[in-house]
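A short write-up of the structure that comes next.
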Amino acid sequence: MDASAADPVLVIKLGALGDFIQALGPLAAIRRHHPASRITLLTTAPFVDFAKASGYADEVWCDEKPSALAMVKWLKLRKHLRLGGFGRVYDLQTSDRSAIYYRLFWPGPIPEWSGSVTGSSFSHTNPGRDSMHTIERQAEQLRMAGIENVRLADVSWATADIARFGLADWFALLVPGGAIHRPGKRWPQSCYGELAEAFLAREIQPVLLGVEDEAWLLQGIAASSAGAVNLAGRTDLMDIAELSRRAVAAVGNDTGPMHLIAAAGCPCIVLYSHESDPALCAQRGAAVSILRRQSLDQLSVDEVLTKADALIAA
């Protein structure tokens, strides 16, 4: 399809948070490549409002990710896809689920398809695609569809009024949580407590970020560090982007919010264990440092603090 054509375009990107943030650069590139097209983004509920604010898509659809037996929901999704009139689909999810969505267009017509599913018009067939960093993999996928110059995520549009939090002029973000089923990705709670105390000694207010399910963790850190601010469950993605622009630094585990914090340009330190590989998924931004140990309990507070001091002084 000619880049100047106005055929509707569908982009599929479901999640999780880190993956969604890393897809913002490709989304912006697709928007630039199809200036006259109506672009629809298919994503999941946590990202709908954030995606609408970006302006990269004219319409944002919420994918309920129906279970295998939810036939009514599958038929509803199929109807939406087939009536969309899409001339091209960019599958940035490239998962088994999005491969099923390709088949929902049967018996046709099937739009031009950028992805890895068999039958793609612009098939990302690189046998080493699973060994590439997410950003490089998606950039290569889009090049095969004629889209060049895929840049890093720019979240300058994500603004919010954070005055309600009543924060000090100097504060640092701490992100001690992560996937509940992967505790090996978390630096010990006691280490975050010590780091918070060290920041307070430097007259830097520690600000703890996490979802409501992590409230117990953040409360434990705040209880041991009088002066730390606990924002568990009180921030949305727009808030986190704004907080990141104002913070002097951020320290966190390899978890979704750190991708947004890095993309906002905050000097940050991301802590990795053997459970994830920064070569495949590291946060990208203006000032990102990676500290990795086989087990995160081997990483000392002094080492993290030394790195943080250097970032703040830079």
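The values are calculated or read from the model by the stated rules, or taken from the named source; none is laboratory data. Being a predicted model, the structure only gives us computed values, none of them experimental. Cβ atoms come from the backbone with ideal geometry, glycine included; neighbour counts cover every protein chain shown.
Return yes when Ala28 is out of contact with any strand residue (DSSP E or B) (no Cβ under 8 Å at 6 or more places or on another chain), assigned to a helix (DSSP H, G or I) and in the same structural domain as Arg137 (by TED's automatic domain parsing) and no when it is not.
Numbers: out of contact with any strand residue (DSSP E or B) (no Cβ under 8 Å at 6 or more places or on another chain): yes; assigned to a helix (DSSP H, G or I): yes; in the same structural domain as Arg137 (by TED's automatic domain parsing): yes.
The answer is yes for Ala28.
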Phe50 vs (1) hydrophobic (A, V, I, L, M, F, W, C); (2) touching a Cys at 6+ places or on another chain (Cβ under 6 Å); (3) buried (at least 21 other Cβ atoms within 10 Å of the Cβ): all pass except (2)
List the number of the failed condition for Ile147; all other conditions in (1) assigned to a loop (DSSP other than H, G, I, E, B); (2) free of Cβ contacts under 8 Å to residues at least 60 places away in the same chain; (3) out of contact with any Gly (no Cβ under 9 Å at 6 or more places or on another chain); (4) under 26 Å from Ala28 (Cα atoms) hold. (2)
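Can you name every residue in segment 31-64 that is among the basic types (Lys, Arg) and either under 16 Å from Tyr90 (Cα atoms) or not assigned by TED's automatic domain parsing to the domain that holds Leu14 (or both)? Lay out the reasoning, then the answer.
Of the residues in segment 31-64, the ones among the basic types (Lys, Arg) are 31-32, 38, 52.
The answer is Arg31, Arg32, Arg38.
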Kindly establish whether Ser244 is touching a Cys at 6+ places or on another chain (Cβ under 8 Å) and hydroxyl-bearing (Ser, Thr, Tyr). yes
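Identify, from the list Ala158, Ala153, Ala163, Ala172, the residue that is modelled with pLDDT of 95 or more and over 27 Å from Val270 (Cβ atoms). Lay out the reasoning, then the answer.
Numbers: Ala158 fails: over 27 Å from Val270 (Cβ atoms); Ala153 fails: over 27 Å from Val270 (Cβ atoms); Ala172 fails: over 27 Å from Val270 (Cβ atoms).
The match here is Ala163.
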Those residues of segment 43-81 which are aliphatic (A, V, I, L, M) and either free of Cβ contacts under 8 Å to residues at least 40 places away in the same chain or farther than 23 Å from Ala145 by Cβ (or both) amount to Ala45, Val48, Ala51, Ala53, Val60, Ala68, Leu69, Ala70, Met71, Val72, Leu75, Leu77
(1) touching a residue at least 60 places away in the same chain (Cβ under 8 Å); (2) among the aliphatic types (A, V, I, L, M); (3) under 19 Å from Asp154 (Cβ atoms) all hold for Ile312 apart from (3)
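Consider segment 223-264. How many of its residues are in a strand (DSSP E or B) and closer than 28 Å to Ile135 by Cβ?
Narrowing segment 223-264 to residues in a strand (DSSP E or B): 229-230, 249-253.
With the extra rule that they be closer than 28 Å to Ile135 by Cβ, the set shrinks to 249-253.
Going through segment 223-264 one residue at a time, the tally reaches 5.
I need the full set of residues from segment 95-116 which are of a type in the set (Ser, Thr, Tyr) and either farther than 17 Å from Ala23 by Cα or surrounded by fewer than 20 Cβ atoms within 10 Å (Cβ to Cβ) (or both), in order please.
First, pick out the residues of segment 95-116 that are of a type in the set (Ser, Thr, Tyr): 95, 98, 101-102, 114, 116.
Hits for segment 95-116 are Ser95, Tyr101, Tyr102.
Is it the case, given these coordinates, that Arg78 is among the basic types (Lys, Arg) and touching a strand residue (DSSP E or B) at 6+ places or on another chain (Cβ under 7 Å)? Let's see the steps before the verdict.
Working: among the basic types (Lys, Arg): yes; touching a strand residue (DSSP E or B) at 6+ places or on another chain (Cβ under 7 Å): no.
No, not satisfied.
Matching residues to (1) in a loop (DSSP other than H, G, I, E, B); (2) at negative phi:
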{"residue": "Arg78", "(1), (2)": "no, yes"}
{"residue": "Gln93", "(1), (2)": "yes, yes"}
{"residue": "Arg97", "(1), (2)": "no, yes"}
{"residue": "Gly108", "(1), (2)": "yes, no"}
Which condition breaks for Leu218 when tested against (1) of a type in the set (A, V, I, L, M); (2) closer than 21 Å to Lys13 by Cα; (3) assigned to a helix (DSSP H, G or I)? (2)
Could you grab me the full set of residues in segment 117-144 that are surrounded by 15 or more Cβ atoms within 10 Å (Cβ to Cβ), of a type in the set (Ser, Thr, Tyr) and either part of a loop (DSSP other than H, G, I, E, B) or more than 18 Å from the chain's Cα centre (by Cα) (or both)? Ser120, Ser121, Ser123
